[in-house]
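**Student:** Take this structure, written in structure tokens, and hold onto it; I'll ask about it next.
The values are calculated or read from the model by the stated rules, or taken from the named source; none is laboratory data. What you see is a predicted model, and the numbers here were worked out from it, not measured in a lab. Here the Cβ positions follow ideal geometry from the backbone for every residue, glycine too, while neighbour counts run over all protein chains shown.
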Amino acid sequence: MSDVHKCDKHVLHKSRRKFLKGLAAGIGLIALPGKDASASVWEDFFQKHFRELSKDELRKTLARFEKQYSKQFGKQVTVKATPPLAGVLYGYGLDLSRCIGCRRCVYGCVGENNQSRDPQIHWIRVMQLDKEKGVDLAHAEHYYNPAQVPEKGHFYMPVQCQQCEKPPCVKVCPVQATWKENDGIVVVDYNWCIGCRYCMAACPYGARHFNWAKPALPAKEMNPVTHYLGNRPRPKGVVEKCTFCIQRTREQPGRYPACEEICPVGARKFGNLLDPESEIRYLIENKRVFIFKEDLNTQPKFYYFYAT
Amino acid sequence: MKTLILARPLLLTVALVFVQFLVATTCHADREKFFDSSGKLIVVEKSAAELLRPYEIKNRKSEKTFPVPRPPFSEGIFPCSQCHSGMTPNPQRRVLTDYHTEIVLHHAEGQRWCTDCHNLLDRDKLRLVSGELIDFSESYLLCGQCHGDKFRDWKVGVHGKRTGDWNGDKQYLLCVHCHNPHDPKFKSLKPMPPPQRPGEAKH
């Protein structure tokens, strides 16, 4: 090979590198928000992890979201970040001998927690099971739709996030966008989630749901009382889940979760596991209780029981 | 001097006996003896507070109150006395033909008749088995006479629905808000629509 040829090749190589460099810079410039883009886009992009925000940064972040959502939905939206209460560990009880499978809880939850209507996201799934087979998931049906429930020979088992003490979803998250709070609620920072859906694969209860498209949430139906880690509007491409209505239950006094409030048969119970006077403690101590998929050692704080 | 030498061991023994007496009395005061089923002796230590305050029935805490909404009366039916005050009470067990014909008793109907629960003379009251008259807003006492297990669970909030604040004021519902007292089995409901199957989204 002659020197001239060598030199030519070198020049060519160099120019290709230059070209690629230029291309990358150009694409980068295009991808960056323009001058007219609002400042919140920059702030969204550079926002820190929820647990690394200082008090001041958190206040500013919440104000930014309030402004953004209020504009988006045309009404005053509040975004709280109420921290856990000391001496509280939330527990949930569900009476399988009472549940009639009417799905009021499913839609009560959707209304309270601002889930996407289309594509549809439900945090609660009600399974219809055969009384003869018991809790046998191979024979579970959750698309049942008879004229009247309960149907003869069946019982119903609503499943939602079990707020595990050892949550497998938290273990697999590569960016720590989901974690267990001190009051036992497993939460997601929607601004930190990268949408890899590892947590959905890890969850043995199917309790996590992915926003495949931009969530469709009618402004009229939007619940304006929101929590940063709970029911604030979600962007496309993030995972969401039941938070025991964190926006309600962390208050003092705090309302019962929406699913508990709407249940027409009173099958749903909620309370503080650390309070010996609470109804959740009463039912654990006095009723026949089981936890779902106990063999996986996820240690749920969601207790299914039979009152009769 | 000599007397003092003699008195010293005497004093010592007196003091020793006194100490022993003290120990014995205090030990007996805070201990109680029980025997288990096999006849084994169990000694139970009692706390000072328990020794001071023996259990008295008049000191027992009164049962707490249960805030309930207004009973679910049919339109214009209450107070019952607006019609019944002008009538002569008829305790005879019979088929009703003029009024209340919509009520079909399906609640131990063989053993029961209207005036077992509705008071015969003062119709605005309910009647317990003891003869005690209660308001319609306390009807849980009436139901609790037979359904003691449900009543116990209801009081702690495990049977039936409670709303309000989990760490604050709670609202109870009366038994009759969910169960028709004349036909108490919970009625079936139309379920809300099932979830979309994957791929059914309109998007």
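**Student:** Would you pick out the residues in segment B:97-124 that are over 17 Å from B:C146 (Cβ atoms) and touching a helix residue (DSSP H, G or I) at 6+ places or on another chain (Cβ under 7 Å)? Talk me through it step by step, then tell me what you get.
**Tutor:** Within segment B:97-124, the subset over 17 Å from B:C146 (Cβ atoms) is B:97-104, B:119-124.
Selection gives B:R123, B:D124.
**Student:** Let me spell it out: the conditions are (1) touching a His at 6+ places or on another chain (Cβ under 7 Å); (2) within 10 Å of chain B (Cβ to nearest Cβ); (3) touching a residue at least 40 places away in the same chain (Cβ under 8 Å), and A:C105 meets all of them except one. Which number is the exception?
**Tutor:** In the conditions (1) touching a His at 6+ places or on another chain (Cβ under 7 Å); (2) within 10 Å of chain B (Cβ to nearest Cβ); (3) touching a residue at least 40 places away in the same chain (Cβ under 8 Å), A:C105 misses (1) alone.
**Student:** Now, a different point. Please find, within segment B:150-189, the residue that is surrounded by the most Cβ atoms within 10 Å (Cβ to Cβ) out of those that are closer than 19 Å to A:C102 by Cα and touching a Pro at 6+ places or on another chain (Cβ under 9 Å).
**Tutor:** B:K161
**Student:** Continuing with this model, one more query. Can you name the residue in segment A:239-260 that is crowded, with 20+ Cβ neighbours inside 10 Å and out of contact with any helix residue (DSSP H, G or I) (no Cβ under 9 Å at 6 or more places or on another chain) and, of all such residues, is farthest from the other protein chains (Cβ to nearest Cβ)?
**Tutor:** A:I246
**Student:** Restricting to segment A:261-277, what's the tally of residues that are part of a loop (DSSP other than H, G, I, E, B) and either β-branched (V, I, T) or more than 8 Å from chain B (Cβ to nearest Cβ) (or both)? Working first, answer last.
**Tutor:** Residues of segment A:261-277 that are part of a loop (DSSP other than H, G, I, E, B), as a first pass: A:263-267, A:273-277.
Keeping just the survivors that are either β-branched (V, I, T) or more than 8 Å from chain B (Cβ to nearest Cβ) (or both) gives A:265, A:267, A:273-277.
Summing the residues that are part of a loop (DSSP other than H, G, I, E, B) and either β-branched (V, I, T) or more than 8 Å from chain B (Cβ to nearest Cβ) (or both) in segment A:261-277 gives 7.
**Student:** Follow-up. List every residue pair whose Cβ atoms sit under 6 Å apart, with the two residues 6 or more apart in sequence or on different chains, where the first one lies in segment B:163-192 and is more than 7 Å from every other protein chain (Cβ to nearest Cβ) and among the acidic types (D, E) and the second, anywhere, is surrounded by fewer than 17 Cβ atoms within 10 Å (Cβ to Cβ) and not in a strand (DSSP E or B).
**Tutor:** B:D183/B:H106
**Student:** Kindly indicate whether A:K269 is within 16 Å of A:M157 (Cβ to Cβ), assigned by TED's automatic domain parsing to the domain that holds A:G184 and in contact with a Gly (Cβ under 9 Å, 6 or more places away or on another chain). Steps first, answer last, please.
**Tutor:** Working: within 16 Å of A:M157 (Cβ to Cβ): yes; assigned by TED's automatic domain parsing to the domain that holds A:G184: yes; in contact with a Gly (Cβ under 9 Å, 6 or more places away or on another chain): yes.
Yes; evaluated as a whole, the condition is true for this residue.
**Student:** Checking B:S130 against (1) farther than 23 Å from B:P89 by Cβ; (2) within 21 Å of the chain's Cα centre (by Cα), only one condition comes out false. Which one?
**Tutor:** The one condition B:S130 does not meet is (1).
**Student:** So for segment A:172-187 (the condition being over 25 Å from A:G87 (Cα atoms), touching a residue at least 24 places away in the same chain (Cβ under 8 Å) and part of a helix (DSSP H, G or I)), does at least one residue qualify?
**Tutor:** yes
**Student:** Condition (residue is within 14 Å of another protein chain (Cβ to nearest Cβ), outside any strand (DSSP E or B) and at pLDDT 95 or above) applied to segment A:197-204: is it met by at least one residue?
**Tutor:** Applying the first criterion (within 14 Å of another protein chain (Cβ to nearest Cβ)) to segment A:197-204 yields A:200.
Next, only the ones that are outside any strand (DSSP E or B) stay: A:200.
The next check asks that each one be at pLDDT 95 or above; those that pass are A:200.
Taking every residue of segment A:197-204 in turn, at least one turns out to be within 14 Å of another protein chain (Cβ to nearest Cβ), outside any strand (DSSP E or B) and at pLDDT 95 or above.
**Student:** Given (1) in a loop (DSSP other than H, G, I, E, B); (2) touching a strand residue (DSSP E or B) at 6+ places or on another chain (Cβ under 6 Å); (3) within 26 Å of A:L217 (Cα to Cα), where does A:Q115 come up short, assuming only one miss?
**Tutor:** Looking at each condition in turn, A:Q115 falls short on (2).
**Student:** Hey, among the residues in segment A:122-154 that are among the β-branched types (V, I, T) and at the interface with chain B (Cβ under 9 Å from one of its Cβ atoms), which one's farthest from A:P204 (Cα to Cα)? Write out each step before concluding.
**Tutor:** Restricting attention to segment A:122-154, the residues satisfying the condition of being among the β-branched types (V, I, T) are A:124, A:126, A:135, A:149.
With at the interface with chain B (Cβ under 9 Å from one of its Cβ atoms) added as a condition, the list becomes A:126, A:149.
Values: A:V126: 16, A:V149: 27 Å.
Looking at the filtered set, the residue picked out is A:V149.
**Student:** Tell me yes or no: at least one residue of segment A:277-294 is surrounded by 20 or more Cβ atoms within 10 Å (Cβ to Cβ), of a type in the set (D, E) and farther than 30 Å from A:P119 by Cα.
**Tutor:** yes
**Student:** Additional query: Answer with yes or no whether A:D136 is free of Cβ contacts under 8 Å to residues at least 24 places away in the same chain and closer than 24 Å to A:Q299 by Cα.
**Tutor:** Working: free of Cβ contacts under 8 Å to residues at least 24 places away in the same chain: yes; closer than 24 Å to A:Q299 by Cα: yes.
Considered against the rule, which asks whether it is free of Cβ contacts under 8 Å to residues at least 24 places away in the same chain and closer than 24 Å to A:Q299 by Cα, A:D136 comes out as yes.
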